[in-house]
Every structure is written in C-alpha cells, then in structure tokens.
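The values are calculated or read from the model by the stated rules, or taken from the named source; none is laboratory data. Because the structure is predicted, anything quoted here is derived from the model rather than measured. Glycine gets a Cβ as well: all are built from the backbone with ideal geometry, and neighbour counts include every protein chain shown. Heavy atoms of the whole protein, side chains included, go into the accessibility calculation; ligands, DNA and RNA do not. Shrake-Rupley method; radii C 1.70, N 1.55, O 1.52, S 1.80 Å.
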Amino acid sequence: MVETQLLADRLAQARDSVTAIPQLSDDTPGLDLETGYAVQRLSRKGRGQVIGWKLGVTSRAKQQQVGVGSPIYGYLTTAHVLDYGEPLVTAEHINPRCEPEIAFVMGADLSGEHVTATEVLAATAGVAPGIEVLDSRFTDYRFTMPDVVADNASAGRYVIGTPVSPAGLDLRLVGVVLEQNGDVIATASGAASLGHPAAAVAWLVRSLASSGEGLRRGDVILSGGLTAATPVSAGDSIVVSIDRIGSVELAVR
Amino acid sequence: MPITDPVAKAKELYRARQDRVAIAPFTDEDPTLGMADGYAVQAELTRMILADGDRIIGYKVGLTSKPMQKLIGVDSPDYGPVLGSTIYSDGQSVSMSRFIQPKIEAEVIAVMGSELRGPGVTVTGAARAIAGVSASMEIVDSRFADWRIKLADTVADLASNGAAAVSSRLVPLSEVDVRLVGMTLTRNGELVDTGAGAAALGDPIAVVAWLANTLGEHGIALEPGHLVMTGALHAAVPMRAGDVFRAEFDRLGPVTVRVVA
C-alpha cells in the first residue's frame with residue numbers, strides 16, 4: 001500500500017521550499033500511474049479552485065526528451081496563472097523551462113468517455129497562444145511517468161494571450177515559433193501535439209471521464225507543448241507566436 | 001592558403017555523382033580547407049555539369065538553422081546552384097537509384113518575379129522582388145561517405161543538394177506571413193515532424209536577401225523565375241524505397257514525393 005498522502009506532502013514541501021527532491025519511485029515500490037494520479041488529486045487540496053487542465057508528453061519532441069509514448073494530464077488552479085504582462089520570478093521555481101502551447105478556452109461543459117476532437121472544437125469558445133512554464137519538483141527533471149503524474153505533470157505557471165475564434169483555423173497546420181531573447185529556438189505546427197491539438201484535448205476529456213470529471217465552461221486547457229522546453233533564467237524574454245492566433249510574451253526575472 | 005587543384009577535386013565529385021559512389025571527404029586529407037576552397041571546387045563542378053547541357057534555375061541555401069550551423073561549426077549559411085534536371089513536380093515518383101544517401105527536407109521556396117542584385121539588398125527589397133512562395137521538399141544527398149562532411153566538403157558538393165519536388169501553387173507574400181507558415185511532414189501517413197518558416201534563419205525572406213547579397217559579391221544576380229530554396233524547417237529524414245512523404249504547408253498547400261527503388 002502506497003502512502004499517497006505522504007507522497008503528496010513531500011511534493012508540496014519541495015514546491016513550497018523551492019528545493020528539488022529525488023523521484024518518488026526511488027523509495028516507493030508499487031508507484032504506478034493510477035497511484036500517481038491519486039497523489040495528484042490529493043495535491044489539489046489548498047491550491048485554490050481548478051480552472052483548467054494541462055496536457056503533457058504530447059509532442060514527438062517531448063516524448064523523445066522523456067522517453068515515453070503516451071500523454072499525461074495535470075490540473076491548473078489560480079495559483080498557476082501569470083497575468084498578461086506579469087513576469088516569471090525564477091526565485092519562486094526550482095528549474096523553470098518554457099514551451100509554446102495552443103490554449104483552449106471552453107465555451108461549454110464537455111465530458112464523456114467517447115468525446116472526439118470535433119466535439120472539442122464545437123465546445124471551444126476560443127484558442128490563444130500560450131507559454132507554459134514547466135517546473136519539475138524532481139532533480140534535473142529525472143522521473144518516471146508515475147512520478148511526473150504525481151508531480152502534476154510538472155505544472156509551474158502559464159500565461160496566455162487573447163483568445164480568438166477557432167472557426168476557419170486548421171489548428172493542425174498553424175505555424176508556431178518559440179523565441180528566446182530574440183533568437184528563434186524552435187518551430188513547429190499544431191500537429192506536434194498528438195497530431196491535432198483538439199485531439200489532445202479530446203484525450204484529456206476521455207481520461208477525466210474515468211474519474212467522473214470533465215471540462216467546464218471557461219476552463220483553460222493547455223493542449224500540450226509543441227516543441228522541446230527551453231530552460232530560462234533571470235533576464236530572459238520568451239515570445240511565442242502562432243500564425244493567425246497571435247503572440248504572447250513573458251519576461252523572466 | 002590556396003586550394004590544391006580545385007579542378008581535380010571537382011572531377012572527383014563529378015565522377016561520384018555519375019557513378020553514385022561516395023568518396024572520402026576532402027577535409028580528411030586536408031583539414032585546413034575552408035569555405036573559399038569549397039566554393040572554388042563548386043564553381044569548377046558547376047562548369048562541368050553545365051557543359052553537359054544542364055542549366056541553373058536558381059539556388060539552394062543550406063545551413064540555415066542554428067542546430068545545423070552548430071553541427072558544421074559555422075555561423076552563416078552556404079549556397080549552391082539548383083539544376084534544371086533535378087526538379088520534380090508534386091506527386092512524381094523519385095527513384096532512389098539517382099542518389100547515394102538521400103534525405104528529405106520540407107522547405108519553403110521563393111520564386112523571383114524581378115531581378116535582385118546585391119550588395120545592399122534588404123528584406124524589404126527581397127520581398128518586393130519575390131513573385132511568391134511555394135511548398136517544396138528538397139532531397140539532400142552527399143557525395144561524401146556517410147555524410148561525414150565539413151563546411152568545405154558540403155560547399156564543394158553543391159551544398160549537398162540532390163533534387164527537389166515543387167508545388168505548382170505560387171502564393172504571393174501579401175497572402176501569407178512566411179515566418180509563421182506551419183508545416184507538417186508525414187511518411188506513409190504518419191506524422192514525422194513539424195516546423196514553421198522561421199526555422200530558416202528566422203525568416204525565409206531574410207534567406208533570399210542573404211543569398212542576393214552573397215551572390216552579389218561575385219557579380220551574380222537572382223533573375224526573374226529563379227527558385228530560391230530557403231532552408232529546411234526540421235531535421236532531415238532518410239528516404240527509403242516505398243516511402244510516400246507529404247509535406248503540408250499552411251496556405252501553401254501540400255507537396256508529395258513517392259520514393260521508388
């Protein structure tokens with residue numbers, strides 16, 4: 001029997017003290033994906049209202065980076081939000097890395113075990129350019145899948161730009177450019193997230209259904225990093241531009 | 001230090017191209033060979049190929065991405081001529097037998113509408129001279145064993161250009177922000193990689209300006225109708241007989257290469 005509350009406490013302690021810890025699986029035999037999600041659910045307590053979700057390990061680049069083949073999800077609360085123009089403060093994070101994402105803003109509730117990408121698009125009010133700040137609580141991002149699931153999919157902070165209607169946009173093909181201090185660091189198209197960002201959100205909805213949850217109107221969904229994440233430090237500026245959707249900028253202090 | 005016999009080296013490459021047998025990199029024997037040496041060999045090799053009746057229909061620019069520049073150890077792109085005999089149209093079969101160790105790269109090509117002559121060409125000037133952009137896949141190939149190339153080698157070897165498949169759909173720059181054009185590459189229907197125009201030197205139009213300025217140093221201009229292959233948007237993918245590669249570009253449309261033995 002894995003002591004899920006103890007593991008959740010360990011992660012909370014690491015986060016609050018901004019100090020990396022070794023992966024939980026090192027001294028927790030029997031830590032599987034299901035247990036990882038149980039730890040993640042416990043960790044929601046005291047973090048404020050859940051206002052959305054994030055997907056992880058959806059891009060080929062990311063799957064290569066961590067050596068796995070299926071996505072994962074985590075939750076977003078008000079504690080994760082960076083308002084537009086608000087800088088990222090590195091002192092509040094262990095090992096922050098930024099990646100470009102397409103953010104979905106839901107216009108209707110959506111749940112169910114058989115939801116498809118088409119239904120996701122129909123329930124979407126807008127899509128926005130997003131920068132997700134990852135921050136693993138584990139030393140040097142060394143973790144197994146159950147570890148990173150327990151660690152809320154390395155969720156750190158996020159900022160999104162102004163949402164636009166997805167009508168008439170082929171999110172599979174929109175170009176995505178990640179710049180750091182004016183240099184193009186990486187490019188992608190929307191297909192980098194599970195072939196289509198809406199397919200990634202549909203995967204999330206189906207996965208949430210198994211624990212009786214779903215998306216609510218107004219939820220923000222970060223549909224998965226589209227390039228490898230770039231490490232950031234104080235003084236950096238990050239810009240994510242997405243064709244026909246817009247761009248969003250983040251200053252790092 | 002002047003290069004030792006560019007004509008002899010060009011002949012070696014010419015023979016490698018004809019026989020489809022890779023040769024040892026020139027820099028194995030002489031590691032001091034640099035960019036100027038490479039272009040001297042390229043000029044001789046081009047002369048030999050044109051004497052056979054081929055013609056220059058544009059240029060390719062290579063080493064346009066940070067990772068490629070790091071790999072080769074340079075901080076600027078290189079270029080080589082694009083030969084009329086190497087252009088395929090969308091959907092055509094491409095035979096492996098024509099190449100030694102081919103790889104595929106999706107990229108944006110620019111088609112010149114008017115003459116562009118450096119030096120002093122700005123991105124604005126380049127944009128004005130471009131009739132439009134098209135979807136394309138370049139087939140890169142190295143005539144050097146195992147792609148073990150240094151800068152002088154790849155420059156001499158026509159910037160490792162092999163062939164290109166080009167879409168007939170020409171889209172004017174007023175309709176598209178080339179920096180942000182997204183691209184998805186599939187092989188036999190499976191996603192292989194994605195990218196956007198900015199992968200090429202930050203902006204494919206800046207690649208055209210760089211090329212015009214660099215050619216200008218040698219008194220050469222880009223002419224109306226010339227193609228400029230502006231650089232890969234992702235890491236090159238090895239080709240095998242039976243593969244069907246499809247690169248789909250947002251607003252430029254798709255281009256397909258069917259690889260046969």
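The requirement of being open to solvent by less than 10 Å² (accessible area, probe 1.4 Å), in contact (Cβ under 8 Å) with a residue 60 or more places away in the chain and away from every other protein chain (no Cβ under 14 Å) is satisfied by residue A:155. Report yes if residue B:54 is open to solvent by 20 Å² or more (accessible area, probe 1.4 Å) and in contact with a strand residue (DSSP E or B) (Cβ under 7 Å, 6 or more places away or on another chain), otherwise no. Yes, satisfied. Say we look at the stretch A:30-60 and pick out the residues that are open to solvent by less than 40 Å² (accessible area, probe 1.4 Å) and part of a helix (DSSP H, G or I); which of these is farthest from residue A:142 (Cα to Cα)? Only one residue tops the list, namely A:38.
Only one residue in B:202, B:195, B:225, B:219 is in a loop (DSSP other than H, G, I, E, B) and facing another protein chain (nearest Cβ under 7 Å), so which one is that?
Step by step, each of B:202, B:195, B:225, B:219 is checked, and only B:202 is in a loop (DSSP other than H, G, I, E, B) and facing another protein chain (nearest Cβ under 7 Å).
Would you confirm, using the coordinates I've provided, whether residue B:189 is of a type outside the set (A, V, I, L, M, F, W, C), over 19 Å from the mean Cα position of the chain (by Cα) and buried (at least 24 other Cβ atoms within 10 Å of the Cβ)? Here the answer is no, as residue B:189 does not meet what is asked. Checked against the criterion of being more than 11 Å from chain B (Cβ to nearest Cβ) and touching a strand residue (DSSP E or B) at 6+ places or on another chain (Cβ under 6 Å), the stretch A:190-197 contains one or more residues that satisfy it. The set of residues from the stretch B:16-51 being open to solvent by 40 Å² or more (accessible area, probe 1.4 Å) and either more than 21 Å from the chain's Cα centre (by Cα) or at positive phi (or both) comprises B:19, B:20, B:24, B:28, B:29, B:31, B:32, B:51. Only residues that are without any contact (Cβ under 8 Å) to a residue 24 or more places away in the chain and touching a helix residue (DSSP H, G or I) at 6+ places or on another chain (Cβ under 7 Å): list them for the stretch B:64-88, please. Listed by number, the list holds a single entry, B:75. Considering each residue of the stretch A:76-83 in turn, at least one proves to be open to solvent by 80 Å² or more (accessible area, probe 1.4 Å) and more than 16 Å from the chain's Cα centre (by Cα).
Take the conditions (1) within 12 Å of another protein chain (Cβ to nearest Cβ); (2) part of a loop (DSSP other than H, G, I, E, B); (3) more than 15 Å from residue A:103 (Cβ to Cβ); residue A:186 misses just one of them, which is (2). Within the stretch A:171-225, if we keep just the residues that are hydroxyl-bearing (Ser, Thr, Tyr) and in contact with a helix residue (DSSP H, G or I) (Cβ under 7 Å, 6 or more places away or on another chain), the residue that is farthest from residue B:106 (Cα to Cα) turns out to be A:223.
Note on the stretch A:1-29: residues that are modelled with pLDDT of 95 or more, open to solvent by less than 80 Å² (accessible area, probe 1.4 Å) and either among the basic types (Lys, Arg) or in a loop (DSSP other than H, G, I, E, B) (or both) total 6.
Among the conditions (1) under 18 Å from the mean Cα position of the chain (by Cα); (2) open to solvent by 10 Å² or more (accessible area, probe 1.4 Å), residue B:131 misses just one, which is (1).
Would a scan of the stretch B:235-245 turn up a residue that is more than 14 Å from chain A (Cβ to nearest Cβ), open to solvent by 20 Å² or more (accessible area, probe 1.4 Å) and closer than 28 Å to residue A:243 by Cβ? The answer is yes, given that some residue of the stretch B:235-245 is more than 14 Å from chain A (Cβ to nearest Cβ), open to solvent by 20 Å² or more (accessible area, probe 1.4 Å) and closer than 28 Å to residue A:243 by Cβ.
So which residues in the stretch A:42-60 are closer than 18 Å to residue A:224 by Cβ and among the hydroxyl-bearing types (Ser, Thr, Tyr), if there are any at all? Matches in the stretch A:42-60: A:58, A:59.
Considering the stretch A:158-183, the residues that are surrounded by fewer than 24 Cβ atoms within 10 Å (Cβ to Cβ) and of a type in the set (Gly, Ala, Ser) include one that is nearest to the other protein chains (Cβ to nearest Cβ), namely A:182.
Would you pick out the residues in the stretch A:217-231 that are farther than 13 Å from residue A:124 by Cβ and either open to solvent by 10 Å² or more (accessible area, probe 1.4 Å) or more than 14 Å from chain B (Cβ to nearest Cβ) (or both)?
Within the stretch A:217-231, the subset farther than 13 Å from residue A:124 by Cβ is A:222, A:224-231.
A:222, A:228, A:229, A:230, A:231, listed by residue number.
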